[in-house]
Amino acid sequence: MTVWRRLYGANPLHLLVLVACFALVGYVVSMLWEDPSWLALLIWFLGAVIGHDLVLYPLYALADQPLRLARWARRRADRPVLVPAVNHVRAPVLGSAVLGLIYLPTITSHGEDALRFTSGLGTAGILENWLLVTGVLFLGSAVVYAIRLGRAARRTARPTTQA
């Protein structure tokens, strides 16, 4: 196992998962090869990847800065941070931004032909559904944060008895 990690750099399970992912991508490409709009789908996919790496990542990295400053300011105070809120804000923002990027062509009604071809549905209600999913992501994250905060508060409030 040591030789494997030295040569490959990770667990053999990592290689197995990568091979499975490439097999899945190959299957999807083989299914779309006959599709007349495969070039448009490829352009859209490359645009989504570039849009995420060059646009969304810097935006949510900048959006993360106020949270980091707030965490730094709380550390300076005498109150300890029981549960950091950074990931409870970061996760729904990332999920909403990625879904927004994926559904941007259909939200702006530019991808209606591709959507109708692939699913048989129109673009009516896509914006409302995206906003609903965004709200559910933030609400779910807030509930998980509240539960974690309550548990942490109970742990610190428990009197420690020493025998």
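The values are calculated or read from the model by the stated rules, or taken from the named source; none is laboratory data. Note that the coordinates shown come from a computational prediction; the quantities given were computed from them, not determined experimentally. All Cβ positions, glycine included, derive from the backbone under ideal geometry; neighbour counts span all protein chains shown.
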Item to complete: May I ask you to list the residues in the range 111-138 that are of a type in the set (Asp, Glu) and in contact (Cβ under 8 Å) with a residue 12 or more places away in the chain?
Response: Asp113
Practice prompt. Kindly list, by first and then second residue, each pair from a residue in the range 86-110 that is assigned by TED's automatic domain parsing to the domain that holds Pro58 to a residue that is surrounded by fewer than 15 Cβ atoms within 10 Å (Cβ to Cβ) and at pLDDT 85 or above, limited to pairs with Cβ atoms under 7 Å and residues at least 6 apart or on different chains.
Written response: His88/Val144
Worksheet item: Restricting to the range 103-129, what's the tally of residues that are of a type in the set (Val, Ile, Thr) and assigned to a helix (DSSP H, G or I)?
Response: 4
Worksheet, complete the sentence: Cys21 vs (1) touching a helix residue (DSSP H, G or I) at 6+ places or on another chain (Cβ under 6 Å); (2) not assigned by TED's automatic domain parsing to the domain that holds Leu131: all pass except (1)
Worksheet item: Taking the range 124-158, which residues are surrounded by 14 or more Cβ atoms within 10 Å (Cβ to Cβ) and farther than 23 Å from Leu94 by Cα?
Response: Ala152
